[in-house]
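To keep things clear, I will list the structure first and then write my remarks on it.
The values are calculated or read from the model by the stated rules, or taken from the named source; none is laboratory data. These numbers come from a predicted model, not from an experiment. Positions of Cβ are backbone-derived with ideal geometry, glycine not excepted, and every protein chain shown enters the neighbour counts. Surface accessibility is based on the protein's heavy atoms, side chains included, excluding ligands, DNA and RNA. Shrake-Rupley method; radii C 1.70, N 1.55, O 1.52, S 1.80 Å.
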Amino acid sequence: MASADLLHLWKLHLIDAALVQIRAQASALDPGREIMTRMEAAQKAADDKSRASKLLSSELTDLELKQKSIDDKVKKFEKDLYGGKVVNPREVENINKEIALLNKQRGDLDLRILELWELTPPAKVEADAAQKAVDVLKEELREFQKGVLAQKTKLEADFKSYSSQRGTAASAVPPALIARYDAIRSRHGGIGMSRISKKSTCGQCGTSLPTKVVEDVKEDKLVTCEECHRILYYSESVI
């Protein structure tokens, strides 16, 4: 059975160990990096498809406007020809040439417009589907981060609870022993004590402890592990 001082120190250690673990868990909280990576790639793909779809749509709109402009010019020329406004043979010949050139241009436009009519709708469908995939990932990330936030909230509450207990636990330990304990844990990531396992090893570093060391600890002597230098504690009870 450990001495009262060591037992009180061990109880303080359990609080400190819990605080160390909470800090480690908090620092290891994942905001959803893997989902973010997938979402970033999906967004890039969606942006590329959206850009391609918009380019096709924009080209179709431009060509349809050019088509209308050509039709308007042809109608004007034909009105001039057949309305009796132009009667000079040379002018008539020039207008017919203009109409022929415009009709050729319109023919070229028609081919591309027909092609765009086939390309534009599927491109829009692909762009919408790609963006929908991004939206699904965004929702996945939101749900994941809700869980992380819940974990963070619990860790903060646990940290506050253990921190509030520490002062009372520390007051039960002699100042000299506290000073030594704090000096040790400051060098070892906040863990200043180690329980001796059933196999007579240090519970922190795993070093096998000599029988004499184990016996000294059982006799309530203040002993530290030769390897990690933490204060050793022995008890057959849960605490």
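Across segment 124-141, what is the number of residues that are surrounded by 12 or more Cβ atoms within 10 Å (Cβ to Cβ) and over 30 Å from S58 (Cα atoms)?
Looking only at that region, the number is 2.
Evaluate segment 79-88: report whether one residue or more is among the aromatic types (F, W, Y) and in contact with a helix residue (DSSP H, G or I) (Cβ under 8 Å, 6 or more places away or on another chain).
So far as segment 79-88 goes, no, none of its residues is among the aromatic types (F, W, Y) and in contact with a helix residue (DSSP H, G or I) (Cβ under 8 Å, 6 or more places away or on another chain).
Given the structure, is L81 open to solvent by less than 40 Å² (accessible area, probe 1.4 Å), assigned to a helix (DSSP H, G or I), at pLDDT below 95 and not hydroxyl-bearing (S, T, Y)?
In short, yes.
For segment 204-214, give me each residue that is open to solvent by less than 80 Å² (accessible area, probe 1.4 Å) and either part of a helix (DSSP H, G or I) or among the small types (G, A, S) (or both).
G206, V213, V214
Which pairs have Cβ atoms under 7 Å, sit 6 or more apart or on different chains, and link a residue in segment 94-122 that is modelled with pLDDT of 95 or more to one that is part of a helix (DSSP H, G or I) and among the acidic types (D, E)?
From residues that are modelled with pLDDT of 95 or more, the pairs are I113/E64; L116/E59.
Restricted to segment 200-239, and to residues that are closer than 15 Å to L177 by Cα and charged (D, E, K, R), which residue is modelled with the highest pLDDT?
Among those that are closer than 15 Å to L177 by Cα and charged (D, E, K, R), it is R230.
Hey, does segment 163-182 have a residue that's open to solvent by less than 70 Å² (accessible area, probe 1.4 Å), hydroxyl-bearing (S, T, Y), within 20 Å of V20 (Cα to Cα) and part of a helix (DSSP H, G or I)?
Within segment 163-182, one or more residues are open to solvent by less than 70 Å² (accessible area, probe 1.4 Å), hydroxyl-bearing (S, T, Y), within 20 Å of V20 (Cα to Cα) and part of a helix (DSSP H, G or I).
Please specify each residue of segment 102-147 satisfying the condition of being of a type in the set (D, E, K, R) and more than 17 Å from R38 (Cβ to Cβ).
K104, R106, D108, D110, R112, E115, E118, K124, E126, D128, K146
Can you tell me which residue is surrounded by the most Cβ atoms within 10 Å (Cβ to Cβ) among those in segment 90-105 that are over 17 Å from K79 (Cβ atoms) and within 60 Å of the chain's Cα centre (by Cα)?
Q105
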